[in-house]
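Structure first, commentary second.
The values are calculated or read from the model by the stated rules, or taken from the named source; none is laboratory data. In this text, all values refer to a predicted model and were calculated from it rather than measured experimentally. Every residue, glycine as well, gets a Cβ built from its backbone with ideal geometry; the counts of neighbours run over all protein chains shown. The area values use the complete protein model at the heavy-atom level, side chains included, leaving out ligands, DNA and RNA. Shrake-Rupley method; radii C 1.70, N 1.55, O 1.52, S 1.80 Å.
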Amino acid sequence: MALENTDIAARKGRVPMVAQRIILISVLLTIWELGSSLTEGEFWVSRPLLIVERLITMIQSGELLRHLTATLVEAGSGLLLAGLVGIPLGIALERFPRVAKLVEPIIMGLYGLPRVALAPLFILWVGIGLASKVLMSFSMVIFVFLMNVSEGVRSIDKDMLDLMSTMRASRSFVTRRVVLPAIVPWILTAIRIGVGLALIGAVVAELIGSNQGLGWFIEKSAGRLDTTGVFTGLIVLMAVAMLANFMIVSAERRLLRWRGNSR
Amino acid sequence: MSVQIPAASPGEMAVPSAAAADSIALHGVDIAYEREGQEPLLVVENCSLSVGREEFVAIVGPSGCGKSTVLRAISGLLRPTRGKVLIHGNEVVGHPAGVGFMFQRDTLLPWCSVEENIAIGLELSGNPQKDPQATIRDLVQLLGLNGFEKSYPSALSGGMRQRVSLGRLLAYHPDVMLMDEPFGALDSLTKAVLGRELLRIWEAERRSIVFVTHDIEEAVYLADRVVVFSPRPGRIVAQHRIDIPRPREARAIRSDPRFTHICEQIWDDLKLPTH
Ligand SMILES: Nc1ncnc2c1ncn2[C@@H]1O[C@H](COP(=O)(O)OP(=O)(O)OP(=O)(O)O)[C@@H](O)[C@H]1O
Ligand SMILES: [Mg+2]
């Protein structure tokens, strides 16, 4: 087995990547803290220490958990639903190229639509509750799944499929053993891009009509000119996105072991 | 000396004729590839060829002359523009049963380990196995892949991948084996070893093999008959029956005067201008 990057770094006496990242973030935070307190910029951009303080009070009061759960449920459901619809649909579109050609302009048209503008419509349709946020997230992510999965199916080696047909493999055998494994990397990429978009969808829908969630909390704080509140909400959103990304990367490592270390 | 063989005439040596005994028969096959905005590209022209049930036929010919294309037509992956392809006397529709193909390019499933790739041949063969694991172990052993059973193709050399592909083909256990330069990526030693193994397997259990290669000596060593193709559009310019008795010895055969004579003839055939 080849050496991991970090092992090589350690051997060369370099600081490992994780440590380098922590140092970078600490430096940025320090600049923010000092810059903000020295220039009276606190009103506009708050300060890391104030944000930490706010985080602690929000954790203690249970407020953070409430908003975080709300947003995670909305974005998570939207992402999951988009995967459940988008993956089979993407495969189906490649299997029936004529249908794909027929509906392509419609799909591209919907994709081009600024879906944020649809939020009021969604609220009108399904009300101000959870459903409108899930729908919003879904509408942001579905296209990512659709396009990635289609591209993934299209990129499958034609000879591999031909070989399967010379062995008279059934369609379900080919789907299970060739198509699905081949698109796993594409699905993981879709999830990776989709997490951010699902969060955007959920937060935007919350801004327009809600009584909880990180988006709503940010909106409410801004209304009170509470920049520390706004930044606290933003930082939590960022942490969620980073954590999700980290989880996907480690899933990738496990699921795509067959690719080897040569990349 | 070489012989021009018109479509129907047997030419220098008798081509096995009893149609019922042939597992593959091509009658006057033309194959052209459609090209966008251009004339179709004629790749194979008026090709007639039959392969007996237990016959080992090698095809040699210059690069791009349509050898792979002929194999694709036999396996039903493409339809000839003109002429007929028969497998066991029936015209090919769809993908005929019992025809195994080993492609020139690597077509292993990258997400399946060596054993899993070989197991796919076994699964699709439709013969229920008493002990599939044992069959796979035997193949791994035979192909010298011990210790790599759990490796993924990304961790194998080109030659090892070819051996796994051969393992998958053998596991599929077809009556007709189409092999497109199966040993192309191997060093001469491994090539000799696998050639010998292939002959051993085939001599123990005879079936039809069509073996494409650019190595004339390999063709003559392995085959009952060597078919020589012209440059594109590929036509059969000569066929040579190899009457050297079996079992053949890879090293000894190379000093056999019959062997060297046929090799020289094929060299001449290949240099032959087409018109
Ligand atoms: N799918 C295709 N579409 C158009 N042309 C093709 C296609 N496949 C092959 N050809 C052309 O047909 C000709 C014969 O191809 P083929 O692969 O059968 O050659 P070959 O004899 O197997 O050559 P090699 O020894 O290099 O493998 C080539 O000139 C190639 O450009
Ligand atoms: Mg070829």
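If you go through region B:62-84 and keep only what is among the hydroxyl-bearing types (Ser, Thr, Tyr), within 13 Å of ligand 2 (Cβ to nearest atom) and modelled with pLDDT of 95 or more, you end up with B:SER68, B:THR69.
Would it be correct to say that A:VAL153 is open to solvent by 20 Å² or more (accessible area, probe 1.4 Å) and closer than 21 Å to A:LEU89 by Cα?
yes
Pairs meeting the criteria (first residue in region A:246-263 and within 14 Å of chain B (Cβ to nearest Cβ), second residue modelled with pLDDT of 95 or more and assigned to a loop (DSSP other than H, G, I, E, B), beta carbons under 7 Å, at least 6 apart or on different chains) are A:TRP258/B:PRO110; A:TRP258/B:TRP111; A:TRP258/B:TYR152; A:GLY260/B:TYR152. Selection over region B:179-204 of residues that are within 14 Å of the chain's Cα centre (by Cα), free of Cβ contacts under 8 Å to residues at least 60 places away in the same chain and within 16 Å of ligand 1 (Cβ to nearest atom) gives a count of 1. What do you reckon, is B:LEU124 within 9 Å of another protein chain (Cβ to nearest Cβ), farther than 30 Å from B:TRP267 by Cβ and more than 16 Å from ligand 1 (Cβ to nearest atom)? It is true that B:LEU124 is within 9 Å of another protein chain (Cβ to nearest Cβ), farther than 30 Å from B:TRP267 by Cβ and more than 16 Å from ligand 1 (Cβ to nearest atom).
Every condition in (1) open to solvent by 40 Å² or more (accessible area, probe 1.4 Å); (2) in a helix (DSSP H, G or I) holds for A:ILE128 except the one numbered (2). Scanning region B:62-77 for residues that are more than 13 Å from chain A (Cβ to nearest Cβ) and more than 6 Å from ligand 1 (Cβ to nearest atom) returns B:PRO62, B:VAL70.
A single member of B:GLU181, B:GLU217 is out of contact with any strand residue (DSSP E or B) (no Cβ under 8 Å at 6 or more places or on another chain) and either within 16 Å of ligand 2 (Cβ to nearest atom) or at negative phi (or both), and it is B:GLU217.
Got at least one residue in region B:31-42 being closer than 23 Å to A:LEU163 by Cβ, away from ligand 1 (no atom under 12 Å from the Cβ) and open to solvent by less than 10 Å² (accessible area, probe 1.4 Å)?
No - not one qualifying residue is present in region B:31-42.
Restricted to region A:177-193, and to residues there that are open to solvent by 20 Å² or more (accessible area, probe 1.4 Å) and within 11 Å of chain B (Cβ to nearest Cβ), the residue that is farthest from A:MET136 (Cα to Cα) is A:ARG177.
The condition of being within 16 Å of ligand 2 (Cβ to nearest atom) and more than 8 Å from chain A (Cβ to nearest Cβ) holds for only one of B:ILE87, B:ILE59, B:ILE118, that being B:ILE59. Within region B:96-120, the set of residues being closer than 13 Å to A:LEU163 by Cβ, in contact with a strand residue (DSSP E or B) (Cβ under 8 Å, 6 or more places away or on another chain) and not polar (S, T, N, Q) comprises B:VAL99, B:GLY100, B:PHE101, B:MET102, B:PHE103. Filtering B:ASP180, B:ASP138, B:ASP215 for residues that are surrounded by fewer than 20 Cβ atoms within 10 Å (Cβ to Cβ), outside the structural domain of B:PRO110 (by TED's automatic domain parsing) and of a type in the set (Asp, Glu) leaves a single hit, B:ASP215. Among the candidates A:SER139, A:SER172, which residue alone is more than 10 Å from every other protein chain (Cβ to nearest Cβ), in a helix (DSSP H, G or I) and farther than 21 Å from A:GLY112 by Cβ? Checking each option against the conditions leaves just A:SER172. Between A:GLY196, A:GLY223, A:GLY229, A:GLY233, which is more than 14 Å from chain B (Cβ to nearest Cβ) and within 20 Å of A:VAL141 (Cβ to Cβ)? On inspection, the qualifying residue turns out to be A:GLY196.
Consider A:MET160 carefully, then state whether it is within 14 Å of chain B (Cβ to nearest Cβ) and part of a helix (DSSP H, G or I).
Numbers: within 14 Å of chain B (Cβ to nearest Cβ): yes; part of a helix (DSSP H, G or I): yes.
Judged against the criteria, A:MET160 is a match.
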